[in-house]
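Presented below is the structure to which this report refers.
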Amino acid sequence: MCGFVGFLALSEESAPTSEWITSMIDVLAHRGPDDHGVLVDGRTALGFRRLSILDLSPAGHQPMTSRDGTLSLVFNGEIYNYLELRAELTALGHHFVSTGDTEVLLAAYAQWGRRCLERLVGMFAFCIVDRRTSTLFVARDRLGIKPLYVVRHSRGVLFASELKAIRRSGLWTGTLNTARFAQFLAYGRPEGVPDDAETYLDGVQQILPGHSCTLGFDGTRVDECYWAPRRAEARESGDIVARFLTTFDDAMKLHMRSDLPVGVMLSGGMDSVSIACTMAQLAGSRGAGKPLHAFCYLSEDFDESLQLGETIALTDATMHRVSAMEAATFWSRLREAIWYHDEPIHSPSVLMGFELYRLAAANGVRVVLSGQGADETIGGYEYLFDHLLVTEALRGRLPTLLAQAESVAAVRGRSRNYMLLRCARLARAHLLAHIPAYRRFTASRRLAEGRGLPFLTPEFRALAAPAIEAPAGQTLGIALERAVRQSPLPHYLRVEDRNSMAHGVESRVPFLDHRLVEQAMALPTRWKMFDGWNKRVLREAMRGRIPASVRLRRQKFGFPTSAKRWFAGPLAEGMREIVRDGAAMRSGWFDQPAVARELERHIRGETDATNLLFNVAQLDAWFDWHAAGWERPTAGELPAAQSFTRSNA
């Protein structure tokens, strides 16, 4: 896990210098605190910051160049099946001097070219200078776990792991993508914004998940999608649970490969508990002298002590805890986290993850497994039960539909008729989804219902173009595909990457092993959600492996904070100061009187405006960093943090 930049100048006059490349990788130092390197070769340049996980020796140094000098590589991520690929490539005549995955990736490209992507199991973004073909080749992993941004300029094309490096380059014009901000703030949540190539900086794009790009030294460009999630439901055959468990265990074995200790982000939920218990089982950690380190968030707002206690007892893990933070700490962490994230975040809960990775780093654990991805691929969100009912209705099996509606109604505390009416509305929307005019109508309606819309100025609100669903439709399979391709998974993966890399920790997400994703998304519907149970295949696969208190619990918890209470109490006066004359208000984006009224209503307990106030607070911090040139923060130099604290003294 690292950070890099890659540059191709479009003319000899624009040839890069090592000093310029160094200035960009310096701002990525948090991603790679262990080593750095720069390679400038004519019109091409590569820069790298290294976090050493595999082959800690100098043999893993990057940029890495092939023995014959024709290929040079910078690579962020992990190729989990590198040992298997290494054996295959050795049989084909390749020789290796290192023990890590970087040299294997370089040899794989030398052997198979861009087709090497089909053989990789991992999370990755990489850039290769190919002097054989006079091209620059870049690629991003199938699910977009690792970031990769690009800006095109008259001088050349620059790729980077984070937007900060692109800002530092001077190739960005400095213009914000205000439409992107308007969409985010109007909908009130990132789920309303389609995941596409756009970013919050105008002219800067991301390489999409599952895509590669080949740039010729002559300026030509070829983009390719080499993988995309598919929702085709397979017929039920064989022992589905056994096959799922076999794939999951193999994914876990690969994700546990590391030359450093591996920990786990643990909540009382089934996903992270499944990972923790499988790690303990596969590693034989009990009595083996290699304790499993589990990082947990404990909150006074919800109680998972039973689930966590039983999991710790079962795995013999060492628990490290983050307890609820204070209001002043919350504020300083918000402004610090915004610098690392570059772009807006979806909720205050992101800061809990930020603290957990800080805790992992403080305890010397630099590789951590996380349960991200199961909700989007196997069906973990409550709203997906609506799509389950649509699926059953379209199949025309009335008894099954009625039984499922009864089960979902019982879980939600609603009547069966209520669930059937919701199903009927969604089924109608599904049948009309192929009509472009209807899709535009529903997108406009969703925008009009956006929670943030009343608090934006008319001019700014007009920029929030309706978000068209892609793919369209309301069945469970389509909803899961949207969750993976569009939202919320892309946003959550960005959050996971920035939270972990801010502290020099590598986050791995075994549920997003593409082999497991393909298998999960092809499962028959009843193995995803059925009889009021979500993620059914995982529940069955984990029978006897995880505590029953976890496996049989229906509730799903995130990382709640006390932000609602803080904004009404200890942070209230500071929020008044921001709303009166903060950087966010000076942007001209917010309707200041409307926000001020909502803040006062929140303080009086008449409404819950936590999401609005959090967005105002984070945008205020974002604009402060923007005005400061996004220079790296140091202790005691977080913009405006002191003034906010003084307001509450």
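The values are calculated or read from the model by the stated rules, or taken from the named source; none is laboratory data. Bear in mind that the values here come from a model prediction, so they are computed numbers and not experimental data. Virtual Cβ from ideal backbone geometry, glycine too; neighbours counted across all protein chains shown.
Considering only residues in the range 25-43 that are surrounded by 24 or more Cβ atoms within 10 Å (Cβ to Cβ) and touching a Leu at 6+ places or on another chain (Cβ under 8 Å), the one that is farthest from E631 (Cα to Cα) turns out to be G32.
Residue by residue, here is whether (1) modelled with pLDDT of 95 or more; (2) over 30 Å from T178 (Cα atoms); (3) touching a strand residue (DSSP E or B) at 6+ places or on another chain (Cβ under 9 Å) holds:
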residue: E406; (1), (2), (3): yes, yes, no
residue: L421; (1), (2), (3): yes, yes, no
residue: L447; (1), (2), (3): no, no, no
residue: F460; (1), (2), (3): yes, no, yes
residue: A464; (1), (2), (3): no, no, yes
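Quick test for you: out of S66, S52, pick the one residue that is of a type outside the set (A, V, I, L, M), out of contact with any Cys (no Cβ under 7 Å at 6 or more places or on another chain) and modelled with pLDDT under 95.
Details: S66 fails: modelled with pLDDT under 95.
Going through S66, S52 in turn, the sole match is S52.
For the range 96-111, indicate whether the set of residues that are free of Cβ contacts under 8 Å to residues at least 12 places away in the same chain, over 22 Å from R31 (Cα atoms) and either surrounded by fewer than 23 Cβ atoms within 10 Å (Cβ to Cβ) or of a type in the set (F, W, Y) (or both) is non-empty. Yes, some residue in the range 96-111 is free of Cβ contacts under 8 Å to residues at least 12 places away in the same chain, over 22 Å from R31 (Cα atoms) and either surrounded by fewer than 23 Cβ atoms within 10 Å (Cβ to Cβ) or of a type in the set (F, W, Y) (or both).
The one condition from (1) under 30 Å from the mean Cα position of the chain (by Cα); (2) touching a residue at least 12 places away in the same chain (Cβ under 8 Å); (3) more than 30 Å from G268 (Cα to Cα) that R445 does not meet is (2).
Which one of S370, S323 is closer than 14 Å to L266 by Cα, touching a Ser or Thr at 6+ places or on another chain (Cβ under 9 Å), surrounded by fewer than 17 Cβ atoms within 10 Å (Cβ to Cβ) and not assigned by TED's automatic domain parsing to the domain that holds G574?
Only one candidate qualifies: S323.
How many residues does the range 343-396 contain that are part of a helix (DSSP H, G or I) and of a type outside the set (A, V, I, L, M)?
Of all residues in the range 343-396, those part of a helix (DSSP H, G or I) come to 350-362, 374-379, 384-394.
The next check asks that each one be of a type outside the set (A, V, I, L, M); those that pass are 353-355, 357-358, 375-377, 379, 385-387, 391-392.
Final tally of qualifying residues: 14.
Selection within the range 538-572: residues that are part of a loop (DSSP other than H, G, I, E, B) and small (G, A, S). The member of this set that is modelled with the lowest pLDDT is G558.
Filtering the range 561-571 down to residues that are in contact (Cβ under 8 Å) with a residue 60 or more places away in the chain and out of contact with any Ser or Thr (no Cβ under 7 Å at 6 or more places or on another chain), which residue is surrounded by the fewest Cβ atoms within 10 Å (Cβ to Cβ)? Can you show your working first?
Initially, the range 561-571 is screened for residues in contact (Cβ under 8 Å) with a residue 60 or more places away in the chain, giving 561-563, 566, 569-571.
In the following step, the residues that additionally are out of contact with any Ser or Thr (no Cβ under 7 Å at 6 or more places or on another chain) were identified as 562, 566, 569-571.
On the way: S562: 19, W566: 23, G569: 13, P570: 16, L571: 23.
Across the range 561-571, the extreme among qualifying residues is G569.
Sub-6 Å Cβ pairs linking a first residue in the range 138-153 that is without any contact (Cβ under 8 Å) to a residue 40 or more places away in the chain to a second residue that is surrounded by fewer than 23 Cβ atoms within 10 Å (Cβ to Cβ) and in a strand (DSSP E or B), at least 6 apart or interchain, number zero. Answer yes or no as to whether L389 is more than 30 Å from the chain's Cα centre (by Cα) and either farther than 30 Å from I145 by Cα or not β-branched (V, I, T) (or both). Here the answer is no, as L389 does not meet what is asked.
Just checking, which of S161, S134 is closer than 20 Å to D223 by Cβ, crowded, with 22+ Cβ neighbours inside 10 Å and among the polar types (S, T, N, Q)? I'd like the intermediate steps shown before the answer.
On the way: S134 fails: crowded, with 22+ Cβ neighbours inside 10 Å.
After applying the criteria, what remains is S161.
Residues in the range 347-379 that are of a type outside the set (A, V, I, L, M, F, W, C), closer than 15 Å to T329 by Cα and touching a strand residue (DSSP E or B) at 6+ places or on another chain (Cβ under 7 Å): E355 alone. Please go through (1) surrounded by fewer than 24 Cβ atoms within 10 Å (Cβ to Cβ); (2) among the β-branched types (V, I, T); (3) closer than 30 Å to W339 by Cβ for I166 and return the number of the only condition it doesn't satisfy. Exception for I166: condition (1). Of the residues making up the range 190-223, those that are more than 20 Å from V151 (Cβ to Cβ) and not in a loop (DSSP other than H, G, I, E, B) number 3. Exactly one residue out of E336, E355 is within 18 Å of S507 (Cα to Cα), under 21 Å from the mean Cα position of the chain (by Cα) and among the acidic types (D, E), and it is E355. Within the range 104-163, the set of residues being of a type in the set (D, E), more than 25 Å from M252 (Cα to Cα) and within 26 Å of the chain's Cα centre (by Cα) comprises E162 only. With respect to (1) more than 30 Å from Y82 (Cα to Cα); (2) among the charged types (D, E, K, R); (3) modelled with pLDDT of 95 or more; (4) touching an Asp or Glu at 6+ places or on another chain (Cβ under 8 Å), the lone exception for R167 is condition (4). Within the range 426-433, is even one residue under 30 Å from F614 (Cα atoms) and outside the structural domain of P524 (by TED's automatic domain parsing)? Checking the range 426-433: not a single residue is under 30 Å from F614 (Cα atoms) and outside the structural domain of P524 (by TED's automatic domain parsing). In the range 467-481, the residues that are at positive phi reach residues that are surrounded by fewer than 21 Cβ atoms within 10 Å (Cβ to Cβ) and aliphatic (A, V, I, L, M) with C-beta atoms within less than 8 angstrom, at least six apart or across chains, in these pairs: G473/A433. Listed by first and then second residue, the pairs with beta-carbon distance under 6 Å, at least 6 apart or on different chains, first residue in the range 55-71 and touching a residue at least 24 places away in the same chain (Cβ under 8 Å), second among the charged types (D, E, K, R) and in a loop (DSSP other than H, G, I, E, B), are L56/D259; T70/R131; T70/R132. Within the option set T90, T22, being without any contact (Cβ under 8 Å) to a residue 24 or more places away in the chain and either surrounded by fewer than 23 Cβ atoms within 10 Å (Cβ to Cβ) or closer than 21 Å to V121 by Cα (or both) holds for one residue only, T90.
Scan the range 457-478 and tell me whether some residue there is under 30 Å from R257 (Cβ atoms) and within 27 Å of the chain's Cα centre (by Cα). No.
Run down R235, R231 and say which single residue is outside the structural domain of L369 (by TED's automatic domain parsing) and surrounded by 17 or more Cβ atoms within 10 Å (Cβ to Cβ).
Criteria check complete, one pass: R231.
Just one residue in the set E236, E198 is farther than 30 Å from A179 by Cβ and of a type in the set (D, E, K, R); that residue is E236.
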